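What follows is a single structure, written as structure tokens, with notes after it.
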Amino acid sequence: MYCAIHKTLLFAALSIVTGITVASNTLPVERTLTIGIIGISKWGEANNNPITGIMREQSHAIFRMANIQTRHSYALYPRLVRQLKQGFIDCAILTKTPGEIQHNLMISHLYDVEIIALGRKGTVINHYDDFRNPEIITRVGFPNGGKYLFTKLFSDTKVKKQIVPSQQQGPLMLAKGRIDAFIGMKYSLLYGINRDKLLGKTNYPGYPIQRLEVWLQCSKKSALAIHFQARLKSAVKSVKSLRAFQTINDKWMSFLFINH
């Protein structure tokens with residue numbers, strides 16, 4: 001639980017971010033960028049609107065700092081990636097993968113996220129070969145559109161895989177015995193564990209896979225995004241200097257660690 005000093009610093013940092021220049025509201029509508037928000041609980045949520053979540057607040061901080069007016073669009077990961085590639089949205093905050101590098105403008109690095117393999121309670125994963133051992137793991141779950149989380153394993157024909165609708169459903173699938181391991185972002189899996197009270201049914205913190213870079217990315221088909229590249233790079237640098245990205249992450253994720 002946050003101490004009083006941490007709460008004060010958190011409030012101060014968020015005040016700086018949300019208070020950055022009000023001039024953005026004066027920009028003409030035709031120069032408004034559409035920002036895609038990924039549909040993963042706590043990262044992006046749309047409960048009867050408005051859109052909320054970590055990436056909603058982080059994108060707001062960037063574009064407010066850049067003095068660029070925005071609107072937000074919500075979509076699950078596979079659809080959002082297609083929308084960005086096709087130019088239906090202008091920018092989004094996404095992990096950096098070979099596919100994204102090929103199709104999108106990589107504006108700036110924001111922070112990293114940790115990817116883990118979460119197993120059922122009692123499942124011991126010490127090295128890669130354990131995924132191929134049917135006495136340990138018979139089936140591995142991946143979230144829809146999440147092959148990039150562990151490309152080597154996803155492409156391994158000797159490993160049986162099952163696609164799960166979302167990362168937060170992974171722990172529940174483990175608890176029900178439908179899969180033996182699940183690949184996902186550590187924070188997202190911990191959210192699912194806490195929500196469904198499954199800590200005693202998983203081997204959290206699991207097996208570390210890798211860290212993925214999270215970047216502000218824009219569509220190569222967006223003339224506005226191309227025009228604003230330099231301004232966006234400068235804005236990200238300024239927001240990072242305020243430690244605002246981490247502050248927003250802490251604000252949304254701190255409750256996860258109360259009992260861990």
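Mind listing whichever residues of segment 132-148 are out of contact with any helix residue (DSSP H, G or I) (no Cβ under 7 Å at 6 or more places or on another chain) and either free of Cβ contacts under 8 Å to residues at least 24 places away in the same chain or of a type in the set (S, T, N, Q) (or both)?
Passing the criteria: N133, P134, E135, T138.
Tell me which residues, restricted to segment 60-87, are within 16 Å of I226 (Cα to Cα) and out of contact with any strand residue (DSSP E or B) (no Cβ under 8 Å at 6 or more places or on another chain).
The answer is A66, N67.
Kindly check whether there is at least one residue in segment 174-196 that is outside the structural domain of T97 (by TED's automatic domain parsing) and touching a His at 6+ places or on another chain (Cβ under 8 Å).
Taking segment 174-196 as the starting set, the residues that turn out to be outside the structural domain of T97 (by TED's automatic domain parsing) are 174-196.
Filter again for touching a His at 6+ places or on another chain (Cβ under 8 Å), leaving 190.
Within segment 174-196 (the criterion being outside the structural domain of T97 (by TED's automatic domain parsing) and touching a His at 6+ places or on another chain (Cβ under 8 Å)), the answer is yes, since at least one residue qualifies.
Considering segment 210-221 alone, what residues qualify as being part of a strand (DSSP E or B) and either surrounded by fewer than 17 Cβ atoms within 10 Å (Cβ to Cβ) or free of Cβ contacts under 8 Å to residues at least 12 places away in the same chain (or both)?
If we filter segment 210-221 for residues that are part of a strand (DSSP E or B), which is where we start, we get 210-219.
Residues satisfying the conditions are Q210, R211, E213.
For segment 39-73, how many residues meet the condition of being at pLDDT 95 or above and among the aromatic types (F, W, Y)?
Number satisfying all stated conditions: 1.
Output the residues belonging to segment 194-223 that are within 21 Å of F131 (Cα to Cα), at pLDDT 95 or above and charged (D, E, K, R).
R211
What are the residues in segment 183-209 that are of a type outside the set (V, I, T) and in a strand (DSSP E or B), if any? Explain how you work it out, then say what you get.
Kept after step one, since they are of a type outside the set (V, I, T), are these residues of segment 183-209: 184-192, 194-201, 203-208.
Hits for segment 183-209 are G184, M185, Y207, P208.
Pick out, from segment 54-112, the helices (runs of 4 or more DSSP H) lying fully within it that include 3 or more residues that are under 25 Å from K251 (Cα atoms). Reasoning before the result, please.
Details: elements: 54-65, 77-86, 98-103.
The helices (runs of 4 or more DSSP H) meeting that bar are 54-65.
Is it the case, given these coordinates, that T21 is at pLDDT 80 or above and under 24 Å from H109 (Cα atoms)? First the steps, then the outcome.
Details: at pLDDT 80 or above: no; under 24 Å from H109 (Cα atoms): yes.
No, not satisfied.
When you check I248 against the structure, is it β-branched (V, I, T), surrounded by 15 or more Cβ atoms within 10 Å (Cβ to Cβ) and not assigned by TED's automatic domain parsing to the domain that holds W43, yes or no? So that I can check it myself, show each step before the final result.
Working: β-branched (V, I, T): yes; surrounded by 15 or more Cβ atoms within 10 Å (Cβ to Cβ): yes; not assigned by TED's automatic domain parsing to the domain that holds W43: no.
So I248 does not fit the description; no.
So which of T97, T138, T202, T151 ends up being outside the structural domain of A244 (by TED's automatic domain parsing), closer than 28 Å to I35 by Cβ and hydroxyl-bearing (S, T, Y)?
Numbers: T97 fails: outside the structural domain of A244 (by TED's automatic domain parsing); T138 fails: closer than 28 Å to I35 by Cβ; T202 fails: closer than 28 Å to I35 by Cβ.
The match here is T151.
Considering only residues that are among the β-branched types (V, I, T) and assigned to a loop (DSSP other than H, G, I, E, B), which ones fall in segment 126-150? Before you say what the answer is, go through the steps one by one.
The initial filter retains those residues of segment 126-150 that are among the β-branched types (V, I, T), namely 136-138, 140.
Answer for segment 126-150, where residues must be among the β-branched types (V, I, T) and assigned to a loop (DSSP other than H, G, I, E, B): I136, I137, T138.
Any residue at all in segment 166-173 that's assigned to a loop (DSSP other than H, G, I, E, B), touching a residue at least 40 places away in the same chain (Cβ under 8 Å) and within 24 Å of the chain's Cα centre (by Cα)?
yes
Considering only segment 108-115, I want to know if a residue exists there that is under 30 Å from S241 (Cβ atoms), polar (S, T, N, Q), at pLDDT 95 or above and out of contact with any Asp or Glu (no Cβ under 9 Å at 6 or more places or on another chain). First the steps, then the outcome.
Keep residues of segment 108-115 that are under 30 Å from S241 (Cβ atoms), which gives 108-115.
Cutting the leftovers down to polar (S, T, N, Q) gives us 108.
Pick out the ones that are also at pLDDT 95 or above and you get 108.
With out of contact with any Asp or Glu (no Cβ under 9 Å at 6 or more places or on another chain) added as a condition, the list becomes 108.
Yes, segment 108-115 contains a residue that is under 30 Å from S241 (Cβ atoms), polar (S, T, N, Q), at pLDDT 95 or above and out of contact with any Asp or Glu (no Cβ under 9 Å at 6 or more places or on another chain).
The values are calculated or read from the model by the stated rules, or taken from the named source; none is laboratory data. Since the structure is predicted, the reported quantities are computational estimates derived from the model, not experimental observations. Cβ coordinates were reconstructed from backbone atoms using ideal geometry, including for glycine residues, and neighbour counts include every protein chain displayed.
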